Every structure is written in C-alpha cells, then in structure tokens.
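The values are calculated or read from the model by the stated rules, or taken from the named source; none is laboratory data. Bear in mind that the values here come from a model prediction, so they are computed numbers and not experimental data. Please note: Cβ atoms are built from the backbone with ideal geometry, for glycine as well, and neighbour counts cover all protein chains shown.
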Amino acid sequence: MPINKKLVVALAPALLALAGCATGLPTQVSRFQAMPAPAGQTFTIQAADPHNQGGLEFGQYAAVVRQQLIDEGYREAPAVGTADLLVSLDYGVDNGQTRIRSYPSAFGHSHFGYFGRPYYWGWHDPFFDSGFDRDIESYTVFTSFVDVDIKRTADGQSVFEGTAKARSRVDELPMLVPSLVEALFTGFPGNSGETVRITVPDEPRRSAAR
C-alpha cells in the first residue's frame, strides 16, 4: 500500500510531541530558598498535617524525602530535639475535574490513547489545533502536590519553601508522591523565586538507569 508522504510529514510534529509527553510525569516546581550549603547539618521530618504524623503512609513518603536530603549531604538527626533543620512535608490530590479531549479520528482511540501511561499530557495538549478531523472523549484530570518547607530550629527562620504539582489521569498518591518529591529535589535547592517544568521519567526507565 503506497504511503501518503504528505500525511507522514503532517503527522511528524504531532507524533514527536506525543513521544516526548509519554515518557514520564510532567510537573511544575516552585521554590524559594536560602538553604545553607550542606555541611552535615542534621534534620528531622514532620507532617504538616498533625493527623498524618506517625502514619504508615506518611512514613513511606517521608522516607523518600529523607533519602533525597541525605543524598544532598544533610544528615538525619538522632532525636527530634537535636536537629539543625525542621522539615515539614505535606501532600495531597484533589477530587479531579472532568475535561473534554479531542483527538485525530484517523488514529482511533486504541492507537492514539496514552501508550499505556497513566499520566495526563501535562500542561499543554500537543494535538490542540492540529487541523485533523477529531473525535471527542471526556476524562478526569487530578491535580496532585507535594510541599516541603524547611526551617532552622535555632530561630524558626524558613530556609526553603518548595511545591511540586502535577496533573494526571490517576489519583494514586503512592504512585505520584515519589515522582513529585523527585521533581522537587531535581536541581535542589534551585533558584529562589523560580518556577520550572520538570518531567520525571517513568519508574521502569529510572530502574533501568540504576
């Protein structure tokens, strides 16, 4: 069957955009910081919501933050009262919003789809106004977040305030929170007052890279 070269040329930009968006979770990260250079300062992690303190779920997410801080050169304090830095961790996901998506009908949903990825396209739709005939579907988008605030225990002065957000087709925090934490600590502590877009690779890709 002969290939329509014009169709291939027309599809190329859209397919490249699709491939780029299907490789991980797009996040939006905002950070304000006056962090001291790591020199072995100690830290302890607490839940921003007192109801989460001591919970198994909070403990799982706190362990991810703990490892990130250790990797940066900080040390976990042996006791809460001896820490140089107090780290507050908060996380959550909303109830979702129904959205309408149009997609090229030439593909059919089974081929266009999401390539098995649970993630939404992020902050932009690469197929918007592409000029193709389009079909319509409705779906739910969830917005999740992770907040990490760090204060000096000596005087209560804030030295880091960071937020990572993502939009996804799933609302499963055990899947989302580790990726949001990873995004928040990418390039840590970052430029104060800057908001950046960071795409976190899918877990299989991260595992293969280790």
- Query: Is there a residue in the range 56-64 that is modelled with pLDDT of 95 or more and either part of a strand (DSSP E or B) or charged (D, E, K, R) (or both)?
  - Reply: yes
- Message: Please count how many residues of the range 176-200 are farther than 16 Å from Leu89 by Cα and either of a type in the set (Val, Ile, Thr) or not in a loop (DSSP other than H, G, I, E, B) (or both).
- Response: 8
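Residue-wise test of (1) surrounded by 15 or more Cβ atoms within 10 Å (Cβ to Cβ); (2) at pLDDT 95 or above; (3) polar (S, T, N, Q).
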site	(1), (2), (3)
Ala164	yes, yes, no
Leu184	yes, yes, no
Ser192	no, yes, yes
Arg206	no, no, no
- Starting from residues that are charged (D, E, K, R) and surrounded by fewer than 18 Cβ atoms within 10 Å (Cβ to Cβ), keep the ones in the range 43-77 and report whichever is farthest from Gly92 (Cα to Cα). Arg75
- Query: Just checking, how many residues over the range 124-162 are assigned to a strand (DSSP E or B) and either at pLDDT below 95 or out of contact with any helix residue (DSSP H, G or I) (no Cβ under 8 Å at 6 or more places or on another chain) (or both)?
  - Reply: 19
